[in-house]
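Peer 1: Next up is a structure, given as structure tokens.
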Amino acid sequence: MENYKLLTPGPLTTTSSVKEEMLFDRCTWDDDYKKMTQQIRRRLLEIAFVSPHTYTAVLLQGSGSFGVEAVLATCIQPEDKCLIIVNGAYGERMVTMAKYIGINYILYSVPYDKVPVANDIAVMLKNDRCITHVAMVHCETTTGILNPLEDIANICKKDNITFIVDAMSSFGGIEIKVEDLAIDYLISSANKCIQGVPGFCFVVAKIEKLLSCQGTAKSLSLDLYDQWKCMEKDGKWRFTSPTHVVAAFSKALEELTAEGGVLARYKRYSENNSVLRDKLKAMGITAYIRKEFQSPIITTFLFPSIKFDFADFYQYVKANGFVLYPGKLTDLNTFRIGNIGEVYKQDIVQLCDIIEKYMEEKINE
Ligand SMILES: *Cc1c(COP(=O)(O)O)cnc(C)c1O
């Protein structure tokens, strides 16, 4: 089988050493395994810049969406009202979840190429005193836009609003000072910027808030409070844990530290991203999101003006060792390139050479 590097926003390319951790079958109730879980939880708190006295980390089986749904299902009471900020598919998914769960919510949405305006949110909170929660996506992976976390956080903080952040595709790749920003629930997953493999998600939660959530969830498997209470005892997961994934994640955390932490990773991703944007722009392939709002995670590109068939392009690039991502916009022809994971500047340069060759061949056809 041909091997390739993933230029997708997760699952992403991981190191061989992370994958090798999965060659050993671990026992879920063994002390060493439970210790590993506890260590992961402590390390996540450090990465989130929070005190272990005020915050906790809860790991939960399933992909990232399970974590978002667990938070919405567990941490919003029937009398609460949540303002959901939408400028992409992951914001929309939170709205879908809110409908399923049956929580009160109100929508604030802007076009997918625009960021939410903090002042608009402030006005909405002022005009509707029933709003108790705000939920937003940090990096909207749909487009690659980076939403103004700090501005919205400051507004929530001032109004004492419970703040929920889907930082799925940014946590570990962009520094987020969770306690300073007074984020109450931050959700991410194993297979994004921490560079593990898919299989579980995690929530960094403010203990004081989580303590008041007992008995709220109408789903047993997604009850974040129960999951926390069980894990808190000694690191034993409630229900079967994804042992191989957890071991790989533990290794991935070590490698994040070895790289120099989140800031070093941010620099690598940022360089990957700007090289990619600049080189493709020079070839006439422009990014959908303006540079000032572009995240260092994933970029959406408009189809170039030459006769362009994404399936053909995809196969060509794949045959040369890289896998790209289709676009997620309904009104525009786009494709996406992720630049996170075990991916370096030389990979991006190599990819751009492949794309350049493809474009030349198409023009000469
Ligand atoms: C990846 C991602 C999710 C979760 O998606 P899953 O497919 O459930 O893992 C949620 N929000 C954002 C912003 C994401 O990038």
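The values are calculated or read from the model by the stated rules, or taken from the named source; none is laboratory data. From a predicted model like this one, the values you see are computed outputs, not experimental measurements. Cβ coordinates were reconstructed from backbone atoms using ideal geometry, including for glycine residues, and neighbour counts include every protein chain displayed. Please note that ligands, DNA and RNA were not included when accessible areas were found on the heavy atoms of the full protein model with its side chains. Shrake-Rupley method; radii C 1.70, N 1.55, O 1.52, S 1.80 Å.
Peer 1: Report, in deg cm²/dmol and to the nearest 500, the calculated mean residue ellipticity at 222 nm for the chain, where each DSSP H run with n ≥ 4 adds -39500 (n - 2.57) and the sum is divided by the residue count.
Peer 2: About -13000 deg cm²/dmol.
Peer 1: Once the convex hull of the C-alpha atoms of the stretch 102-144 is built, how many Å³ does it hold per residue, rounded to a whole number?
Peer 2: About 90 Å³ per residue, rounded to a whole number.
Peer 1: Checking a compactness column here: for the stretch 146-209, what do you get for Rg(Cα) / (2.2 N^0.38 Å), N being the number of residues?
Peer 2: 1.13
Peer 1: Need the full-extension length gain, E46 to E356, defined as separation in residues times 0.36 nm minus the C-alpha distance. One decimal, nm.
Peer 2: 107.4 nm
Peer 1: Setting aside same-chain residues fewer than 8 positions from K99, which aspartates and glutamates have a Cα under 18 Å from its Cα?
Peer 2: E69, E79, D80, D166, D223
Peer 1: Next question. Which net charge results for the neighbourhood of K279, defined as the other residues with beta-carbon distances under 15 angstrom from its beta-carbon, given Lys and Arg at +1 and Asp and Glu at -1?
Peer 2: Computed value for this residue: -1.
Peer 1: Ranked from the most accessible area to the least, with a 1.4 Å probe and all protein chains present, what is the order of T286, T240?
Peer 2: Result, largest first: T240, T286.
Peer 1: Using a 1.4 Å probe and counting only protein heavy atoms, arrange V137, V117 so the residue with the most accessible area comes first.
Peer 2: V117, V137
Peer 1: Quick check: pseudo-label points 7 Å beyond the Cα along Cα→Cβ at T96 and N160, how many nm apart are they?
Peer 2: Inter-label distance under the simple model: 3.6 nm.
Peer 1: Rounded to two decimals, what ratio of Rg to Rh does the stretch 1-84 give with C-alpha atoms and a Kirkwood Rh?
Peer 2: 1.05
Peer 1: If you don't mind, there's one more thing I want to ask. What does the convex hull of the Cα atoms of the stretch 16-258 come to per residue, in Å³, rounded to a whole number?
Peer 2: 112 Å³
Peer 1: Averaging over every viewing direction, what projected area does the convex hull of the Cα atoms of the stretch 238-365 cover, in nm²?
Peer 2: Result: 10.5 nm².
Peer 1: Just the projected area, averaged over all directions, of the convex hull on the alpha carbon atoms of the stretch 1-152: how many nm²?
Peer 2: 12.7 nm²
Peer 1: Could you put T143, T96 in order of accessible surface area, largest first, with the 1.4 Å probe and the full protein assembly present?
Peer 2: Output order, biggest surface exposure first: T96, T143.
Peer 1: While we're looking at this one, here's another question. Can you give the relative contact order of the chain as a percent, counting alpha carbon pairs under 8 Å and 6+ residues apart?
Peer 2: 25 percent
Peer 1: Further question: So if I average 1/r over every pair of distinct C-alpha atoms in the stretch 119-163 and take the inverse, what Kirkwood radius in Å does that give?
Peer 2: One over the average 1/r among Cα pairs gives 11.2 Å for the stretch 119-163.
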